[in-house]
């Protein structure tokens, strides 16, 4: 028995885990402030509904915070290492069939995934240029 849920745990995940561990040991849980008793099916149901509600509030708050940060011009994630010069250089190197995407990326100091992300038509460019070279050789 606790006076309120926040006296038992500091996070939703911890609360659910603790109540679950108590239940596997055959121990009931009662929160006086929230009028919650997990020894009854209704109490367990209310706990899970409450947990889902709290989770939704957290997700909603996080989304609002991210949207507010974007509105202030803040962008999350790592800063991009890609410049227009890197993209141009990668496009210039693509016709060389001896240069793999991995080697081009290594020369430019980026990952192959970065090239694929910033040159959406990279596969098509590579395939068409390789066909052009093979066609001119025959």
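Structural remarks
- Rounded to 10°, Cα long-axis angle of helix 122-137 versus longest principal axis of the chain: 20
- Two-site label geometry, residue 117 and residue 35: point separation in nm, points 7 Å out along Cα→Cβ: 5.1
- The long axis of helix 84-93 is offset from the longest Cα principal axis of the chain by roughly 50 degrees.
- Nearest 10 degrees, 0 to 90: helix 12-24 Cα axis against the chain principal axis: 50
- Counting Cα-Cα pairs of the chain in 10 Å increments starting at 0 gives whole-percent bin shares of 10, 24, 13, 12, 14, 15, 10, 3, 0.
- Globularity ratio of region 84-131, using Cα Rg and 2.2 N^0.38 Å: 0.99
- Packing, as the average of other Cβ atoms within 10 Å across residues, places the peptides 76-84, 52-60, 10-18, 101-109 in the order 101-109, 10-18, 52-60, 76-84, highest first.
No value in this document is a laboratory result; all are computed from the given coordinates. The model shown is predicted, which means the values in this text are computed figures rather than measured ones. When we count neighbours, we look across all protein chains shown, and the Cβ atoms used for this are built from the backbone with ideal geometry, even at glycine.
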